[in-house]
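Read the structure below first, then the notes.
FYI, it's all coordinate maths here, none of it is from the lab. Source: prediction; values computed, not measured. Note that each Cβ is placed from the backbone with ideal geometry, even for glycine, and that neighbours are counted across all protein chains shown.
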């Protein structure tokens, strides 16, 4: 069972604040990915949990899901050992580990050791896994490893959600304040008569 504060609903996912990208010809925005489920894996090269569990899991999701339905993004977010984890080292790391998913480089913050996107998303550290639904809302924000089965079910659930064209373009809930594609009177607890 997931911890109480790991699931987030109806909060628009902030854009990623990056200083560069690997494995993509152009920068990626979350707005450009509306209509897809988005998995963001925040990692550091020197993080054992990232290297042993998070990065291989992210690569498996990238390999197994249809890229027209699920977008996978790595976010290299360095909050320690800045001098040894620059872009050149990341390029070598991505090559050696044969990472094929796009990787954004979290923009360093001149006032803090914590980079911009990491601060914006209030991440506790790495690895952090974030799922964004088709309408651009945060649906999962988890520090630490997420079990493969739970992640697969979470992605499948978000893929199965139906959304209206209006909700997709607005990136918000319907006028009654309910989730798009959910019957009136229904919520996560059930449906009322």
Once the piece of chain linking residue 145 and residue 12 is laid out straight, how much longer is it, given 0.36 nm per residue of separation minus the C-alpha distance between them? 45.6 nm
Using a Förster radius of 30 Å, what is the FRET efficiency between residue 32 and residue 109 based on their Cβ-Cβ separation? Nearest 0.05, please. 0.80
Taking the Cα atoms of the range 4-161, report the difference between the largest and smallest coordinate on each principal axis, in whole Å and largest first. 43, 32, 30
Using only alpha carbons, build the gyration tensor for the range 27-98 and give me the equivalent ellipsoid semi-axes, biggest first, whole Å. 23, 14, 11
Cα centroid separation - the range 92-164 against the range 3-78, whole Å: 4
